[in-house]
Amino acid sequence: MKYIDEFRQHDVAKHLAQVIAQTVKPEKHYRLMEFCGGHTHAIFRYGVQDLMPSNVEFIHGPGCPVCVLPTGRIDNAIQLVEQHHVILCTYADLMRVPGGGRQSLLKAKAAGGDIRMVYSTQDALKIARDNPDRQVVFFAIGFETTTPPTAVAIKQAQTEGLINFSVFCNHVLTPAAMQAILDAPEPVSIDAFLGPSHVSSVIGSKPYETFSAHYAKPIVIAGFEPLDVMQSSLMLIRQLNDGRHEVENEYSRAVTRDGNVKAQALMAEVFELRPQFEWRGLGLIPNSALKLQAAYAEFDAEQRFEMPAIKASDVKGCECPAILRGAKKPQDCKLLGTVCTPENPMGSCMVSSEGACAAYWSYGRLRQV
Ligand code: SF4
């Protein structure tokens, strides 16, 4: 398959592994944070970590939208169903994420709540059209990749006068989270970043330039295939050896410096920055999330319904917050593979298909190797 098979070639991977082994300096330790959960899964699915020299370490980042959603927002969504009797439309990954008190959308659905799994915002709009007497709320989550389709749905609802449709907006922004990781009171030691691929196809590589210069950290925007990750790691290692800190783009088949300007304009028209937003593991981050512009306020679920901020804690023993900061790895969690499995997840990092714990479980990394 074009754009897939050629990025999974075994002999090329072997060659790249040799070049990386020759390029690393034995006295250096290279700590590379892969921001996206998609990269984490590629690293373990294809055994990329095993092809790296022992002094190249991947630190798993918070780039999994389901994982970083704070527990209280799940509880808010459950309240919409139980107290306001809305039809709640959501993507599959969110269904099993535990909220406070181990309640989840799946359990609320089993208890009779009208919660429907959708594949796109268009599905949610159709449900609103088909149920004019019911309030339909789309539980919107995701980074800049999934934000434009939400913007399209809101504009479409306004054009159609679909007044029973609204959006519970939880869209978050990548550069602000990267900054928060390095600005943390006890920051994790990170030498360089593998930058997001899908997000960057929307925002472009430009937004990372100020960040990279300010923190003196190299960034390479990396595709999701194993050879992408290996090539990008090599590019980062070369930058670190040379003492450079630049933004480079390995994923040039999809990402440009300016990104998708049409999608950016759409986002800017429909959304504005929240002054701050809570991230699981990272706490409150200024200017890190979006809410609806005043012109679209009638489609904002947080304005249509009473939705007080809920402070809920994670399951005792769950290390998701530290894992999302890069401070711990799934193997550091005593619940991994014992109490916590994909069938019985204790935290979002095991539920989400992009979560680090799910990657360790799926690809047999339950113990230190
Ligand atoms: S293994 Fe489960 S309990 Fe442990 S950090 Fe991951 S999601 Fe949380």
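We did not get these values from a lab; they are worked out from the coordinates using the rules stated. Keep in mind that this is a model prediction, so the values were computed, not measured. Counting neighbours? That spans all protein chains shown, and the Cβs are built from the backbone with ideal geometry, glycine included.
Remarks
- Listed by position, the strands (runs of 3 or more DSSP E) inside region 250-306 whose residues that are surrounded by fewer than 19 Cβ atoms within 10 Å (Cβ to Cβ) number at least 1 are 271-273, 276-279, 283-286.
- For THR40: the one exception among (1) surrounded by 22 or more Cβ atoms within 10 Å (Cβ to Cβ); (2) part of a loop (DSSP other than H, G, I, E, B): (2)
- Within region 92-126, tally of residues that are in contact (Cβ under 8 Å) with a residue 40 or more places away in the chain, buried (at least 19 other Cβ atoms within 10 Å of the Cβ) and either touching a Pro at 6+ places or on another chain (Cβ under 7 Å) or not charged (D, E, K, R) (or both): 7
- The set of residues in region 325-344 being part of a strand (DSSP E or B) and either more than 7 Å from the ligand (Cβ to nearest atom) or at positive phi (or both) consists of THR341, ASN344.
- Candidates in region 345-369 are the residues that are outside any loop (DSSP other than H, G, I, E, B) and more than 10 Å from the ligand (Cβ to nearest atom); of these, the one that is farthest from the chain's Cα centre (by Cα) is SER362.
- If you go through region 20-32 and pick out every residue that is loosely packed, with under 13 Cβ neighbours inside 10 Å, in a helix (DSSP H, G or I) and in contact (Cβ under 8 Å) with a residue 60 or more places away in the chain, you end up with 0.
- Residue count for region 333-369, restricted to those that are over 20 Å from TRP279 (Cβ atoms) and not aliphatic (A, V, I, L, M): 16
- From the options THR145, THR174, THR150, THR71, residue that is β-branched (Val, Ile, Thr) and surrounded by fewer than 22 Cβ atoms within 10 Å (Cβ to Cβ): THR145
- Checking the stated criteria, PRO187 turns out to be closer than 30 Å to LEU284 by Cα and surrounded by fewer than 23 Cβ atoms within 10 Å (Cβ to Cβ).
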